[in-house]
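Presented below is the structure to which this report refers.
The values are calculated or read from the model by the stated rules, or taken from the named source; none is laboratory data. Owing to the predicted nature of the structure, the values given are computational and were not obtained by experimental measurement. Glycine gets a Cβ as well: all are built from the backbone with ideal geometry, and neighbour counts include every protein chain shown.
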Amino acid sequence: MVRSVTTQRTQPSNDDPVVATTDITGSVLSEKVGREAFGLFVLSFGALGGLGALGILHWTAGLSAALIGLCVSGVLIRRNSKIRWHQDAVAGPPRLRGPVTHVARPAFSSSVERVVAVVAHPDDAELLCYGTLRKAREAGAVVAVVVVTHGANGVSITDADAGRQLSEDEREKEVTAAWSDTGIDVVFLHLTDGGLVADLHLISLLEAELKRLQCTLLITHSPRAATDHQDHLAVATAAANAATRVPTCHTVLHGEPHAPRSGFSPTVLVDVTDVVDDKVRALDAHHSQGGRWYLSSEYTRHRAAQAGWSLRPAATATGQAFEAFETTLLTLTFAPSREDARP
């Protein structure tokens, strides 16, 4: 799904659920049981009292029998109430009567990871983390790519001198084609590329998107790569800043830049061996950027092995390929294994 965002919009909040009132009838002690026990007591007291009046029983015997009847009635009441409450416990929660309006739920389940890649230009997400996003989606995560600029200024000096120009939607169409049939959503913010600044406007815009998407894991550019594109650095700074105010976001990963001498030092690897070919095809969808070395199949496959040789050479020697990341926030949570799970 492709989503287009205008920067002037006010994003409504869906953090607060709408709570409706429900008519719930709880389980109580049966009035019938109480009436029957009380009737038994009255009947026994009346019968014994009548016999006493006829002289058949002494009045003390009648009084004693009446007290015994009272005790028996109490036992019956207690016994029936225990049975009733035991039945309620087995039956489960109270039954609902009448029309019910349920609590409005957020768009995503709280148990599902929501991975969001925030990148500066069309083609950046494919370069940084195409394989990682694909693997996350295959694992059941909700995945979205947020492209901050339209990329219309992404024309080389040589192409510009030759009169080559790009429309604002041309590169966005290429992104849509690259992610088609992957189950991954794409959001365009339509800002102008080349002069991004990590200011209030950009930070607020990204914060609103991360909250709307209920991001749990953020992937963006590296903020430390001094030789990288200025837009990459601005988006990296703004996205990381915005994520500090997104309560659902537990991990922030920074993808490997293609800029030389960037000082990038990865500590996180994602195995993307079985989707490297798909990544090459996704990068080929960017026809307007044809001829750029960092979009070539040779470079893509080289980079998929490079980090592995540095951090996991034994695995790389068997043919495994990786995407590499630095991290400024990594939260580990431990869930019981299926073998340890109890019914």
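For the range 140-176, the candidate set comprises residues that are exposed (fewer than 15 other Cβ atoms within 10 Å of the Cβ) and of a type in the set (A, V, I, L, M, F, W, C); within that set, the residue that is modelled with the highest pLDDT is A162. With respect to the conditions (1) buried (at least 21 other Cβ atoms within 10 Å of the Cβ); (2) over 20 Å from Q289 (Cα atoms); (3) out of contact with any Asp or Glu (no Cβ under 8 Å at 6 or more places or on another chain); (4) modelled with pLDDT of 95 or more, L200 falls short on a single one, namely (1). Within the range 265-309, being over 28 Å from L329 (Cα atoms) and outside any helix (DSSP H, G or I) holds for A285, H286, G290, G291, R292, S296.
Only one of the numbered conditions (1) among the small types (G, A, S); (2) surrounded by fewer than 16 Cβ atoms within 10 Å (Cβ to Cβ); (3) at pLDDT below 95 is violated by A317, and that is (3). Being assigned by TED's automatic domain parsing to the domain that holds C129, free of Cβ contacts under 8 Å to residues at least 40 places away in the same chain, closer than 17 Å to D199 by Cβ and not hydrophobic (A, V, I, L, M, F, W, C) holds for only one residue in R261, R245, and it is R245. The residues on offer are V235, V252, V280, and the sole one that is free of Cβ contacts under 8 Å to residues at least 24 places away in the same chain, crowded, with 16+ Cβ neighbours inside 10 Å and not polar (S, T, N, Q) is V280.
Of all residues in the range 196-237, those being within 24 Å of the chain's Cα centre (by Cα) and of a type outside the set (A, V, I, L, M) number 12.
In the range 112-127, the residues that are assigned to a loop (DSSP other than H, G, I, E, B) form Cβ pairs under 7 Å with partners that are of a type in the set (S, T, Y), at six or more places apart or across chains, as follows: E113/T216; A120/T149; H121/T149. Residues that are closer than 12 Å to V148 by Cβ, in contact with a helix residue (DSSP H, G or I) (Cβ under 8 Å, 6 or more places away or on another chain) and not in a loop (DSSP other than H, G, I, E, B) within the range 210-233 comprise T220, H232, listed in sequence order.
Among the residues of the range 177-195, those that are over 23 Å from the mean Cα position of the chain (by Cα) and surrounded by fewer than 18 Cβ atoms within 10 Å (Cβ to Cβ) comprise A177, H190, T192, G194, G195.
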